[in-house]
Amino acid sequence: MPDLRALFARLPGIDALLNHADLNLPLARHGRDAVVAAARQVLDGARAHIRDHAVLPAWASDAGALARRIAADCADRQRLALRPVYNLTGTVLHTNLGRAVQAEAAVEAVTRAMRHAVTLEYDLDGAGRGHRDSAISELLASITGAEAACVVNNNAAAVLITLATLAAGREVIVSRGELVEIGGAFRMPDVMRQAGCRLVEVGATNRTHLRDYRDAISADTALLMKVHTSNYAIEGFTASVSESELAPLAREHGLPLATDLGSGALIDLSRHGLPAEPMPQQMIAAGIDVVTFSGDKLLGGPQAGLIIGRRDWIARIQKHPLKRALRCDKLSLAALEATLRLYLEPDRLPDTLPTLRYLTRAQTEIRAVAGRLLPALTLAAGEAFRVDDQACLSQIGSGSLPVDRLPSWAICIEPRDGRGKTLEAFAQRLRELPSPVIGRLSAGKLWLDLRLLDDEAGFCANLAALSAAPAH
Ligand SMILES: *Cc1c(COP(=O)(O)O)cnc(C)c1O
């Protein structure tokens, strides 16, 4: 039995450690409190190791080793958890990776809004219009033809406040085929309950007719609601009632009609060779009173919930007490405004809006990227893997156009030993790079879809860290 006390005695005290030359720089960089806290933790860790294993760990073998460990810990504590990654999953709007990559114009607007005081709720001309959504309301009005607009934290919030304002304590009629769940906790029936509305389901899962809505209207009805079934598709024997068919019925009964589009594409995607997606401006033209959609899906902006429609309804939503709780901060508003201004110059959007640029990137161009990166990835993967490039299909993501796929090109990495464990270990090493690389595991291969890769030089430099530090 080794003498634990003798081992404990070999650990220096805090004061002696703080005087070690290797901690001068960390002390200057992080301050005394932070270094002391890290030193205590490292020493505690060393004592625990001695108790458990009856030896001094290598990283505590002398004061120099301890100082280096403390310096590394101080630096680690400043490492951000929210880090940029290479999204090579093939999903353009990846909810877990932060959805839309922002336009340069939005980045600049946000940076300025962070550095300076801004005209958030301040009229420079003293005209007294000002609330924080007024600039965006005017922009959305000119882009979509709506009378007014209101902005909240996300589209879930947009739906919640719309329901709470238009129909609290009363009935909302929705087709059974549209009672969707979106990304875990957002289920239409639950949102209705939270907003204090009574849900009246009409039709069957696959078929709903205009008469179903008509028959359900009662003295207690406050709202007719459509929900875009963005993340799934019902195929086969189906029928649904479009917004434009529903609008006359709503008008006949003096009821408002709202539609939740999820992704509102503010331009006609079919003109860019993409599948068509319902547009907010079409809904306004069809006479819908209130239309809600996300800022960070196909629109390509920051997280936000956009509510557009008739002036009187929007004004009531603006005044609802929930608005204060759900409002956007100046950073989201700055990014959203800059993004929407890009839509005033629609011909330039494929260049100015990353989301559209990624969605419309030609397969031949992506294939050329794969050709250029193949040697670097072959080298990085090493002997244990077969690396080649192949056609693949990207998806749009965030529940937009769930069945449509975009022809793309990927680098495929396959373990020569055919073992899933070997492949997963390599995928893990890619995720541990300074800028983590995230691919997609499928059919025994790791697929790196290159649709979203812009910075080839940076990508290769990042890969170099892989060869420098082999698997541990
Ligand atoms: C995505 C989506 C939402 C939720 O939007 P967030 O901006 O993520 O809150 C709501 N409704 C539909 C139909 C959607 O597709």
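Things worth noting here:
- Relative contact order for the stretch 361-451, counting Cα pairs under 8 Å that sit 6 or more residues apart, in percent: 29
- Extreme residue, positive dipole direction of the chain, given options Asn96, Ile14, Leu406 (C-beta unit charges): Ile14
- Relative contact order of the chain, defined on C-alpha pairs under 8 angstrom at six or more residues apart (%): 18
- Charge dipole of the chain (Cα centre as origin; +1 on each Lys and Arg Cβ, -1 on each Asp and Glu Cβ, all else neutral): 980 debye, rounded to the nearest 20.
- Among beta bridges that DSSP assigns inside the chain, antiparallel share in %, nearest 5: 60
- Only lysine pairs 8 or more places apart or on separate chains count here, and in the chain those with Cα atoms under 24 Å apart total 7.
- Rounded, prolate or oblate (a/c below 1.5 giving rounded, otherwise prolate when a/b exceeds b/c) for the stretch 104-157 by Cα gyration tensor: oblate
- Options Ala48, Ala58, Cys74, ranked by Cα towards positive dipole end of the stretch 39-90, top entry (Cβ charges): Cys74
- The simple Förster model, with R0 at 22 Å and r as the Cβ-Cβ distance, assigns Glu138 and Ala285 a FRET efficiency of 0.70.
Bear in mind these aren't lab numbers, they're just calculated from the coordinates by the rules spelled out. Predicted, not measured: the structure shown is a model, and the values here were computed from it. Here the Cβ is made from the backbone with ideal geometry for all residues, glycine too, and neighbour counts use every protein chain on show.
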